[in-house]
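First up is the structure itself, then whatever we jot down about it.
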Amino acid sequence: MPFVVNTLSSFGCAFTVLVPLWLSCHTLITEHTSQPIPKTELELDIDRLSYGPYGIGRSNGKAIMIPHSAPGDRVVARLTETKERYAIGEIVRIIAPSPLRQTPPCPYVGDCGGCTWQHIGYREQLKAKEQSVADALRRIGKLDGFDLRPIIAAPGTEHYRRRIRLQVSAVKRLGFYSGASHHVVEVDSCLIAAQPLNAVIAPLRAWLDRLAANLEHIEIVSGDETGQTVVTATASEPLGPSDEELCGQLVGAANSFINGVIVHAGDWRKTWGTPSISVALQDDLALKLDADTFSQVNAEANRQMLADLLNAGAFDKQDRVLELYSGAGNFTLPIAKQVGEITAVEGFRNAVVSGKLNGQRNGIDNIHWICAPVPRALSQLHQQRQKYSKIVLDPPRTGAKGIEADISALGAATILYISCNPATLARDLAALSKFGYKLRFIQPVDFFPHTFHVESLAVMTR
């Protein structure tokens, strides 16, 4: 397997970097003690991107990971950390810039830890993402004989996110984390955020300054209907009466454009205004969700993935479908319109409640909802000897490790797996292949321009 580095994104989420996929080994390396080294400078040719924020070069057979570099760069780099089989460095100067470079469009580049590929042209970003998927499947999954379809580009590379999370510092600075740290970089706008989200950052900063209670972070969410902007905040302590009044004032204020506020912490949750958004899935189908229920950040790319899933699934009224990690019904409801029945498993209760209500609103009554952790629900379905013709799963970034035996026992002829992490996807597909499933094709889709993240749809048949 490739080497693994755990790091932190600007949005506060831990993620795994594969370093690099073309250096295969038999164990995951996550906790090697750094070896003290002098601040050595070396010349380095960057030959590819990792699945992560780094360009990769080699020196004396060792992989050197350099942030903010591009394939084709020749740089002078200073090593800052070394491991047994790879090292991390920083650019001292660029001797010869890559022709793939572009001027980063964001003014916060180099400070904010997000959008770590924005200095690279979009065509090369797509190429690297497609290669990351292919490398993971072959190096980690040891899979072959499948059709890797060309990556589908995002409809737009700017202002595509309908949800952003802003971090709140101890002194109430509002912005994104810098790379691999908890230092908050204040921003006035975000290049990849939808414009309705950018429009409320300034009013939120003024509101935050007046709050007595401390907040951990603030999410701004917009819906697919005009005028749907909701703020959802995580508090570190209860709100006092004056803070609750400020929350109410934020809704509908002349300069705020905010029509709903949700504040929660621990076992309490309070709302003001209209805290829900609309998520359009098809011309005749939309979900109504509370803004603190998960929805995909890229609306157009999500509809593209849905269309690809429905096409690949070739669902019909004879199908009895099982969907795992269903959320609030992003795929469930469209599939339900095409099949005889579908069972949807989701562990987050609010998502299940939303899914049920949306089924009722849309006149869809052939969904059986199970609110339980996926491994437990699968085990119970196995014990009940349930059988399904097709299984759809869309797990979190950590994947679906350890449930392949129970999936296999349910007898599905086809598995459709949607993934946001090539490494865990490859691992899980390899596990399923041991139970007689064959990977037929994989379709990468770019939801996240200027970042290394990539979504994929994999189809396996028995």
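The values are calculated or read from the model by the stated rules, or taken from the named source; none is laboratory data. Everything quoted here is computed from the prediction, not taken from an experiment. Ideal geometry is used to build each Cβ from the backbone, glycine not excepted, and the neighbour counts take in all protein chains shown. Only protein heavy atoms, including side chains, enter the accessible area calculation; ligands, DNA and RNA are left aside. Shrake-Rupley method; radii C 1.70, N 1.55, O 1.52, S 1.80 Å.
Of the residues that make up region 435-451, is at least one touching a residue at least 40 places away in the same chain (Cβ under 8 Å), open to solvent by 10 Å² or more (accessible area, probe 1.4 Å), closer than 19 Å to ARG138 by Cβ and among the charged types (D, E, K, R)? So far as region 435-451 goes, yes, one or more of its residues are touching a residue at least 40 places away in the same chain (Cβ under 8 Å), open to solvent by 10 Å² or more (accessible area, probe 1.4 Å), closer than 19 Å to ARG138 by Cβ and among the charged types (D, E, K, R). Highlighted here are the strands (runs of 3 or more DSSP E) found entirely within region 173-246 that include at least 2 residues which are free of Cβ contacts under 8 Å to residues at least 24 places away in the same chain: 184-186. Scanning region 21-72 for residues that are over 24 Å from LEU100 (Cβ atoms) and at pLDDT 95 or above yields a count of 0. Of all residues being in contact with a Leu (Cβ under 8 Å, 6 or more places away or on another chain) and assigned to a loop (DSSP other than H, G, I, E, B) in region 156-171, which is nearest to GLU225 (Cα to Cα)? Just the residue, please. In this case the residue turns out to be ARG162.
Within region 111-129, the set of residues being in contact (Cβ under 8 Å) with a residue 60 or more places away in the chain and surrounded by fewer than 19 Cβ atoms within 10 Å (Cβ to Cβ) comprises ASP111, TYR122.
Of all residues in region 383-399, which are buried (at least 16 other Cβ atoms within 10 Å of the Cβ) and not aromatic (Phe, Trp, Tyr)?
Just the residues of region 383-399 that are buried (at least 16 other Cβ atoms within 10 Å of the Cβ), to begin with: 388-395, 399.
Those that are buried (at least 16 other Cβ atoms within 10 Å of the Cβ) and not aromatic (Phe, Trp, Tyr): SER389, LYS390, ILE391, VAL392, LEU393, ASP394, PRO395, GLY399.
Considering region 55-87, the residues that are touching a residue at least 60 places away in the same chain (Cβ under 8 Å), surrounded by 21 or more Cβ atoms within 10 Å (Cβ to Cβ) and not small (Gly, Ala, Ser) include one that is nearest to ALA128 (Cα to Cα), namely MET65. In the set THR116, THR80, only one residue is in a strand (DSSP E or B) and hydroxyl-bearing (Ser, Thr, Tyr); that residue is THR80.
Among the residues of region 335-358, the ones that are part of a helix (DSSP H, G or I), crowded, with 21+ Cβ neighbours inside 10 Å and not β-branched (Val, Ile, Thr) come to 5 in all. Residues that are more than 25 Å from ASP406 (Cβ to Cβ) and in a strand (DSSP E or B) do occur in region 290-313, at least one of them. Annotation for region 154-165: at least one member residue is open to solvent by 20 Å² or more (accessible area, probe 1.4 Å) and β-branched (Val, Ile, Thr).
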